[in-house]
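Heads up, the thing below is written out as structure tokens.
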Amino acid sequence: MKLRDLAAALGCELESDGGIEIQGVSGMEQAGANQLTFLANAKYAHKVKQTRAAAILVPRPMEGIAPAQVISANPYLDFARALELFYRPPRPPAGIHPTASIAPSARIAENASIGPYSVIGENVTIGRNAVLQPHVVIYDGAAIGDDFYAHSHAVVREFCRIGNRVTLQNSAIVGGDGFGFAKRADGTHHKIVQSGVTVIEDDVEIQTLTSVDRATVGETRVKRGAKIDSLVQVGHACVIGEDNIICAQTGLAGSSILEKNVLLAGQVGISGHLTIHDNAVVYAQSGVGGDVAAGSMISGSPAFDAREWLRAVTALQKLPELLKTMRQLERRLRSFEDAANQ
């Protein structure tokens, strides 16, 4: 593809020769002589002079660099869009594999691809253009919208509801039982029936080995546009808000509510029965035990204001020195007191 055509497809301004042939995209350090790369963060600007890329997406014109420049308001987003022009993951052909098990009452709309050993239960509905890779299981009564894509070993449990354009990566579980037990007088545990469902709204992606539990009663809900990374646990009756980003190894205890555009970095723990309000950011390895105000950035365990946390961590590193100094001062003070008492 000519660079001028690529720039036009992305709606970007071209600052250089548009006749260059672009054959692919890559990161700045790996890009070759016929590839497009990008600069999204100014702290990496020094690497631009070292790249072998033919062209680069930049937020503003740069002087003294070899790659042809494509000016973009959002280089990272346009890099992702460019990648789609050069690579599309393979899609299996429409049809039902003979080893798939589909209940007679299931209703599957047109252009579906149902892979080997997939299982679709009674009274399931699946919309148009669905792809079920091998060994996907859809339990009885589940309702799934259009353009659903489930990778191998993904599971949608009974009566759960899934919207349009939802992707489940390998071994994602939607609607597994919530972790609910009542303790008897003798210390043993009685399992509480998990009678609720999990609802996944439109344009959600749930990545590998992640579990979104069903509610004890009512529902667990993941709202439109949320993206949930691998190895995440979403407990029963949680609400994940619109356009949330939840990174790997995060755990949400039951009845946690996340509002719009919340970002949870990796290994965050949420204690449950609390609300994290719009646009909050929770940094990695934080432990959240109470409500979080809108727009807050918090860190630590227990988590508090990220700026205060940085100061606290800096001070923590100095504690041994401060303790040593304090002990020296105590010894000097005792010496003065002894001298005064003589």
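The values are calculated or read from the model by the stated rules, or taken from the named source; none is laboratory data. Note that the structure is a prediction, hence the values are computed from the model and not measured. Methodologically, a virtual Cβ is constructed for each residue, glycine included, from the backbone with ideal geometry; neighbour enumeration extends over all protein chains shown.
Which residues, counting only those in segment 275-288, are in a loop (DSSP other than H, G, I, E, B) and either over 18 Å from Thr220 (Cα atoms) or within 13 Å of the chain's Cα centre (by Cα) (or both)?
First, the residues of segment 275-288 that are in a loop (DSSP other than H, G, I, E, B): 277-280, 283-286.
Matches in segment 275-288: Asp278, Asn279, Ala280, Tyr283, Ala284, Gln285, Ser286.
What are the pairs with Cβ atoms under 7 angstrom where one residue, in segment 196-219, is at positive phi and surrounded by fewer than 18 Cβ atoms within 10 Å (Cβ to Cβ) and the other, located anywhere, is part of a loop (DSSP other than H, G, I, E, B) and aliphatic (A, V, I, L, M)? Sequence gap at least six, or different chains.
Correct list of pairs: Leu209/Leu231; Gly218/Ala237.
Could you list, in sequence order, all residues of segment 248-281 that are among the hydrophobic types (A, V, I, L, M, F, W, C) and under 22 Å from Ala172 (Cβ atoms)?
Passing the criteria: Ala248, Leu252, Ala253, Ile257, Leu258, Val262, Leu263, Leu264, Ala265, Val268, Ile270.
For segment 299-340, give me each residue that is modelled with pLDDT under 90 and assigned to a loop (DSSP other than H, G, I, E, B).
Result: Lys318, single match.
In this structure, is Gly251 out of contact with any strand residue (DSSP E or B) (no Cβ under 9 Å at 6 or more places or on another chain) and without any contact (Cβ under 8 Å) to a residue 24 or more places away in the chain?
Considered against the rule, which asks whether it is out of contact with any strand residue (DSSP E or B) (no Cβ under 9 Å at 6 or more places or on another chain) and without any contact (Cβ under 8 Å) to a residue 24 or more places away in the chain, Gly251 comes out as no.
Which one of these is surrounded by fewer than 18 Cβ atoms within 10 Å (Cβ to Cβ) and either within 18 Å of Ile270 (Cα to Cα) or in contact (Cβ under 8 Å) with a residue 40 or more places away in the chain (or both): Lys227, Lys183?
When all the criteria are applied, what remains is Lys227.
Any chance you could count how many residues in segment 147-178 are within 15 Å of Ala106 (Cα to Cα) and assigned to a loop (DSSP other than H, G, I, E, B)?
So the count comes out to 4.
Scan (1) within 20 Å of Val204 (Cα to Cα); (2) touching a strand residue (DSSP E or B) at 6+ places or on another chain (Cβ under 7 Å) for the single condition Phe304 breaks and write down its number.
Of everything listed in (1) within 20 Å of Val204 (Cα to Cα); (2) touching a strand residue (DSSP E or B) at 6+ places or on another chain (Cβ under 7 Å), Phe304 misses just condition (1).
Exactly one condition in (1) modelled with pLDDT of 95 or more; (2) within 30 Å of Thr37 (Cα to Cα) is not met by Pro90; state its number.
(1)
Restricted to segment 301-312, and to residues that are surrounded by fewer than 18 Cβ atoms within 10 Å (Cβ to Cβ) and either touching a helix residue (DSSP H, G or I) at 6+ places or on another chain (Cβ under 9 Å) or of a type in the set (A, V, I, L, M, F, W, C) (or both), which residue is nearest to Thr220 (Cα to Cα)?
The extreme case among them is Phe304.
Search segment 109-143 for residues being of a type in the set (S, T, N, Q) and assigned to a loop (DSSP other than H, G, I, E, B), and hand back the single one that is surrounded by the most Cβ atoms within 10 Å (Cβ to Cβ).
So, considering only residues that are of a type in the set (S, T, N, Q) and assigned to a loop (DSSP other than H, G, I, E, B), the one surrounded by the most Cβ atoms within 10 Å (Cβ to Cβ) is Ser118.
In this structure, is Leu274 more than 18 Å from Asn244 (Cβ to Cβ), among the aliphatic types (A, V, I, L, M) and either loosely packed, with under 14 Cβ neighbours inside 10 Å or modelled with pLDDT of 95 or more (or both)?
On the way: more than 18 Å from Asn244 (Cβ to Cβ): no; among the aliphatic types (A, V, I, L, M): yes; either loosely packed, with under 14 Cβ neighbours inside 10 Å or modelled with pLDDT of 95 or more (or both): yes.
So Leu274 does not fit the description; no.
What is the number of the single condition among (1) within 31 Å of the chain's Cα centre (by Cα); (2) closer than 28 Å to Gln133 by Cβ that Ile102 does not meet?
Checking Ile102 against (1) within 31 Å of the chain's Cα centre (by Cα); (2) closer than 28 Å to Gln133 by Cβ, the one that fails is (1).
Among what's in segment 83-98 and is outside any loop (DSSP other than H, G, I, E, B) and without any contact (Cβ under 8 Å) to a residue 60 or more places away in the chain, pick the residue that is surrounded by the fewest Cβ atoms within 10 Å (Cβ to Cβ).
Result: Glu84.
Here is a list: Ala42, Ala55, Ala73. Which entry is free of Cβ contacts under 8 Å to residues at least 12 places away in the same chain, in contact with a Pro (Cβ under 9 Å, 6 or more places away or on another chain) and not hydroxyl-bearing (Ser, Thr, Tyr)?
Criteria check complete, one pass: Ala42.
Can you pull out the residues in segment 23-39 that are within 14 Å of Arg81 (Cα to Cα), in contact (Cβ under 8 Å) with a residue 40 or more places away in the chain and not aromatic (Phe, Trp, Tyr)?
Answer for segment 23-39, where residues must be within 14 Å of Arg81 (Cα to Cα), in contact (Cβ under 8 Å) with a residue 40 or more places away in the chain and not aromatic (Phe, Trp, Tyr): Gly24, Val25, Leu36, Thr37.
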